[in-house]
Structures are given as C-alpha cells and as structure tokens.
Amino acid sequence: MKKIILATLFIGLSFSAIAEEKKIITSDGVELYVKVEGKGIPCLYLHGGPGSGSYWFEKFFGDFMEEHFTMIYLDQRGVGRSGSPENKDFSIERMTRDFEEVRNALGYKDWLTLGHSFGGLLQMEYAENYPRAQKGMMMINTTLHLNESFCDSWAPKAFEFLGKDYGGCENDSIPLLQRMGALGNELREKDLFWKMAYSKKENQAIMDSTWSEVENWNYDFGNAAWDYEEYWRDYKPMAKDIKIPVLFFYGSKDFMVGPLHYKNIEFPEMLSWESEVGHIPFQENTEDLKRAILTYMNKYHFQA
C-alpha cells in the first residue's frame, strides 16, 4: 500500500481558528483537495451531485459553519479541484476509504459529517464501513435511496412541470438512467430545471456561477457515478442500526430528493427537521438551517 502523503499550504492563521489548503495523496495515488477552516469540533462536508464539489457550500454557508466547527471541505476524487484515479475506481467503498485516509492524515480521532443530497449515500456507507469514525451525521436534503427519490418525486414533478402525465417507474419502458437524462435535457431546453430545486430562478443562476470561479473543474466522478449499481442501494433500512445522533433536515419543496423522502427513516437518535425550502437550504433558507444545526448541537451536546 502506498503511503498517504500530506502537503499543506497555510492560507491564514489566528489565535482561535486556522485556515489551510492541503493536498492529500491517497493510498492509490489520487491527489485530493482539502481545505480546513474554522474552530470547534471537526466536521467533514460530504458534497452531493454527484460531482458538485465543496466550494459552493463553503461560499454560501461557510462563515456560519466555521464559527461552530473546524470545517473540512473535501472535493471527492474526480471532482472539482481533486484528481482522478488512474484505475478509474469511483466505487463507494473507495470513496469511504478516502474519507478515512483524510481523517487519519489530519490526525482526528473522529468527526462529525455533514452531507448534502447524494452525500447522504456516502454518509451511510461510511457509517457501515467505519462505524467509529463519525460522532454524528447532519443530513441536509439527503437521499438514502436514489430510485425512490427519482420515482416518487423527481420524475413525476418533472413531468408536471413539462405539462405531461407520468404513469410511474413501474410502467416506464425506458431505462431509469435514460429517462433521467431525457427529462433533465427537456427541462433545461425549456428553462424549467430550476423549479426542481429552487424557489427562484435567479438563485440557480447565482449557484451556477460558482462553477466558473474554480479553474479546470474535474467532472470525472459526475460522469461515472451513475454507472455504479452500489450507488442505487436502498440505505433506509440500515438507519435503525446507526446509533450516532443524526440531524435529518428536509425541504417541503425539495423535488430533487422528495418532500416525503423522510418517511420510514428511523435513526434511533434523530432530530427530524422540516423546512419550507427546496433543495439548497444553505443558499435559500439559511436562517432555518442555522436554527436546525444549533438545535442539533445543543440537543446532543456537540460543543466546541
């Protein structure tokens, strides 16, 4: 096994908080972009997408998080400012091994994680493979089952916005991935895709502009993820076996994941929080997200 290499660039330092950009080389030779900033309990941000990167969460919500946590912003392999594996291994097992190698390289005994959207699948797999690594999970508009999110919310809502009737996945003769691509393309062609995730059209434009702020964005994982069957696993039944405290924050207008996706999710220690928001609360309803996180911290005594 190759040695994990850690290179650090200090970009700011104060008495109470530190900001560092790092390049961590994984055991299979992938250079991961990591930024550490803030103070308090370490918290790893697991972005969604797949392939959205950590930059937009830091940009829109980082100031709040860094007041309460030492934030670890990671661009996953094949995403954003990180490199891609030569062997094209984007498996979920390898992803969670990356998280462990980052944790060990940074010297943390354990940490919290905050996952968004697709990041919830990564949190669940991480909890299964490395049960002692996470002290708690904040799940923000996460899916725990891609098929359910698509069939129960994404597809029917897309058809509604397009003015069409949808008979459901079970009656669809087109393969799921092909159907997703076709719907996404049609929504974009008719300038309707923003309705799936945002309350206002201009907010999508603001979010999309962040991609151009990072040069040479790596899209490899986003292009590869859908072909891995393991990412389509139903993680909902596993929730009852995870004993760490969980914040499950969901949007009543989040059609990407589904406003009813929270049902039958039964973590033993869970703060469930419904918010009147779409898919991106750290941009569109930041105050309610702040309240949820602070309530979670107080309830489960996660103090700096």
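Bear in mind these aren't lab numbers, they're just calculated from the coordinates by the rules spelled out. Worth saying up front: this structure is predicted, and the values here are computed from it rather than measured. So basically every Cβ, Gly included, is an ideal-geometry build from the backbone, and we count neighbours across all protein chains shown.
Here are a few things to note about the model shown:
- Calculated mean residue ellipticity, 222 nm, the chain: -9500 deg cm²/dmol, from DSSP H runs (n ≥ 4) at -39500 (n - 2.57) each, averaged per residue and rounded to 500.
- Coarse-grained scattering of the stretch 190-282 at q = 0.11, 0.18 Å⁻¹, given as base-10 log I(q)/I(0) from a Debye sum over alpha-carbon atoms: -0.47, -1.08
- Test item: Cα-centred dipole of the chain, Lys/Arg +1 and Asp/Glu -1 on Cβ, debye: 600
- Alpha carbon centroid spacing (whole Å) that separates the stretch 67-119 from the stretch 154-179: 33
- Of all the options N141, N285, N216, the one that moves most in a Gaussian network model of the chain with Cα springs shorter than 10 angstrom is N216.
- Debye log10 I(q)/I(0) at q = 0.09, 0.11, 0.13, 0.19 Å⁻¹ for the stretch 35-191, Cα point scatterers: -0.36, -0.52, -0.70, -1.16
- Measuring from each cysteine beta-carbon in the chain, the ones with no other cysteine beta-carbon under 4.7 angstrom are C43.
- Listed from fewest to most Cβ neighbours within 10 Å, the set R179, R132 follows the order R132, R179.
- Only the Cβ atoms of Lys and Arg (+1) and of Asp and Glu (-1) were treated as charged; on that basis the dipole of the stretch 148-197 about its Cα centre amounts to roughly 200 debye.
- Remark on S91: its backbone amide H falls under 5 Å from none of the residues 5 or more positions apart or on other chains, H modelled at 1.01 Å from N.
- Whole-number Å³ per residue for the convex hull built on Cα positions in the stretch 148-197: 68
- Per-residue ³J(HN,Hα) for the stretch 273-289, Karplus 6.51 cos²θ - 1.76 cosθ + 1.60, θ = phi - 60°, Hz, x for Gly and Pro: 9, 8, 10, 7, 7, x, 8, 10, x, 6, 10, 9, 9, 5, 5, 5, 5
- At 1.567 mPa s and 4 °C, Stokes D of the chain from Kirkwood alpha-carbon radius, µm² per second: 66
- Database remark: amide H of L44 closer than 5 angstrom to the amide H of I72, L112, T113, L114 (H placed geometrically; neighbours at sequence offset of 5 or more, or on other chains; Pro and chain starts carry no H).
- Efficiency of FRET from Cβ geometry, E170 and Y228, R₀ 22 Å, rounded to 0.05: 0.45
- Theoretical gain in end-to-end length, E213 to E160 [0.36 nm per residue, Cα-Cα removed]: 15.7 nm
- For the chain, the antiparallel share of DSSP beta bridges with both residues in that region comes to about 50%.
- In order through the stretch 103-112: 3J(HN,Hα) via Karplus (6.51 cos²θ - 1.76 cosθ + 1.60), integer Hz, x for Gly, Pro: 4, 5, 5, 7, x, 8, 5, 7, 7, 7
- The phi-based Karplus calculation (6.51 cos²θ - 1.76 cosθ + 1.60; θ = phi - 60°) puts the 3J(HN,Hα) values of the stretch 216-225 at 6, 4, 8, 10, 4, 5, x, 7, 9, 4 Hz, whole numbers, x for Gly and Pro.
- A Förster radius of 22 Å, combined with the Cβ-Cβ distance separating E100 from L260, puts the computed FRET efficiency at roughly 0.10.
- Under 25 Å of direct C-alpha separation, and excluding same-chain neighbours fewer than eight residues apart, K299 reaches these lysines: K39, K109, K135, K236, K240, K243, K263, K290.
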